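Just below is one structure, and these are the notes that go with it.
The numbers here are math on the coordinates, done by the rules we state, and not lab data. As the structure is a computational prediction, the values presented were derived from the model and not from experiment. Cβ atoms come from the backbone with ideal geometry, glycine included; neighbour counts cover every protein chain shown.
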Amino acid sequence: MSLTANIEIVYQPATVTDINGSFINNAQVYIAIYDAITALPANGNNCLVIYTVTDENNNTSTNTINIPGMRSLIYTGEVGRTVFNSKRNVLTSSNKTFKILSVGRGDDSVSLPQIPGNLTLQIKVDSPESAPNAANGQITITATSNYLPIAYQLDGLITAASPTFSGLSGGNHTVTVIDAADYSLSQTIYIPTVTSTLVSDPSVTLPGNHISRWNAAFNPVVFTYQRKDFSVTGMSLNTFDGKTRVSVNTDVSAVLKDDYVYLQTDMLTGSFKVLSVYDNFTLVIDEPFSQTGQGFININRLRPYYKMLTRISFFDKITGKFSAITANHRPNNTGLTRADISNFLQSLLRTTDTYDYTSTSYRDDNLSASYQIAYAQHWDDGTDQGYTADFVTIDKPYYVVYAAKQLGEAYGGNMAAYVPFATT
């Protein structure tokens with residue numbers, strides 16, 4: 001087979017070198033082999049390629065390489081440099097250039113080497129599963145090899161030519177890449193599932209799927225949140241002492257020995273002392289290992305002074321304007337936060353009855369009030385303001401009425417027993 005070769009450059013992020021915006025271009029440079037007749041990628045079969053490299057000072061060197069597969073990496077690093085002055089005018093510009101001189105014939109009788117051809121594998125989670133059972137997670141695989149093309153396999157079941165898999169459920173998935181020489185490499189990736197921080201609100205669901213959001217103002221009106229800092233992707237035996245290694249989907253290298261963390265998994269729940277950091281994504285805790293599990297972990301070292309923000313939006317009858325106030329509540333040692341906002345809601349009410357008894361559907365906006373809720377997590381990230389996550393807005397409004405219910409009554413402080421739902 002007659003072969004040709006091309007220089008292929010894969011640029012990487014540039015490095016800015018000064019305040020004027022001067023920069024260095026970085027890249028990986030490959031020699032890729034093609035069929036001279038069809039122009040399709042082809043295996044080199046150890047063909048000899050002679051090429052030159054001309055540096056920024058115009059010095060040229062001649063090099064040779066035998067290429068066993070479809071392409072080989074010949075250089076990684078700086079390939080160009082541009083220097084600007086303070087007015088953004090170019091002062092100097094230089095480039096490293098590569099040129100093919102000749103391509104020899106490959107030897108079809110040469111067997112492939114007994115070791116993989118520089119097969120590498122990296123996996124990125126593009127998007128988590130947006131909710132339990134949503135099955136909409138996505139990952140993208142980056143793999144390289146001297147023997148192209150590469151096939152991508154997910155969980156040993158799905159094989160594709162595309163490096164992107166979508167429609168995935170949360171949890172562990174095993175990715176395998178297989179190159180043209182039948183070498184393979186596998187890696188397990190954890191796809192998190194987004195679960196709502198809000199675990200309960202003061203609404204009540206009744207038969208017929210009716211929902212009452214009306215509450216007595218002089219009873220607790222509570223929004224409950226569960227802190228879930230990071231995902232526990234697995235647990236394993238720490239062979240040194242028989243304790244438990246906890247794999248986490250974040251860098252835990254800043255966690256210190258003797259810190260306490262809170263875990264809630266399908267096999268283990270409670271606060272545990274950290275014995276050591278096994279690696280950047282694994283902690284060893286003071287708990288004998290029994291079996292693996294998944295769940296979440298709260299780490300005060302990484303999210304100190306954690307609290308929940310509850311933003312209450314309402315119409316202020318005194319000013320005649322819409323307004324909002326934000327309440328701050330801290331969790332208990334399990335990460336559970338109970339935000340009781342009844343005291344504030346009482347201030348929205350007026351002991352004046354203006355009902356004219358002529359409307360078929362009427363809400364007295366003195367003895368009752370409507371409000372909407374948004375909530376967000378907040379912790380100290382070392383900045384002046386701290387870090388506040390995006391607020392999550394609950395679409396439908398809630399209502400409060402000038403009333404109190406006795407302890408032990410049905411539905412607690414919710415007025416579900418008195419709400420007249422429409423009938424058909």
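Aspartates and glutamates near Lys321 by alpha-carbon distance under 17 Å, same-chain residues fewer than 8 away left out - which ones? Candidates past the 8-residue exclusion: Asp365. Taking 32 Å as the limit for the C-alpha separation, the pairs Lys273/Lys405; Lys257/Lys307; Lys87/Lys124; Lys228/Lys405; Lys99/Lys124 exceed it in the case of Lys273/Lys405; Lys87/Lys124; Lys228/Lys405; Lys99/Lys124. Counted by Cβ distance under 14 Å from Ala5, the other residues give a net charge of +1, where Lys and Arg count +1 and Asp and Glu count -1.
Within a straight-line Cα-Cα reach of under 12 Å, Lys243 can be paired with the following aspartates and glutamates, leaving aside sequence neighbours fewer than 8 residues apart in one chain: Asp286, Glu287. If you wrap segment 120-191 in the convex hull of its Cα atoms and look at it from every side, the mean projected area works out to 4.2 nm². For segment 3-103, what is Rg from Cα atoms divided by 2.2 N^0.38 Å, rounded to two decimals? Taking N as the residue count of segment 3-103, the ratio is 1.29. Over all pairs of different C-alpha atoms, segment 258-343 has a mean inverse distance whose reciprocal, the Kirkwood radius, equals 16.0 Å.
From its DSSP helices (H runs of at least four residues, each -39,500 (n - 2.57)), the chain gives a residue-normalised ellipticity at 222 nm of 0 deg cm²/dmol. Entry for the chain at q = 0.06, 0.12 Å⁻¹: log10 I(q)/I(0) = -0.48, -1.12, Debye formula applied to identical alpha-carbon scatterers, no solvent contribution.
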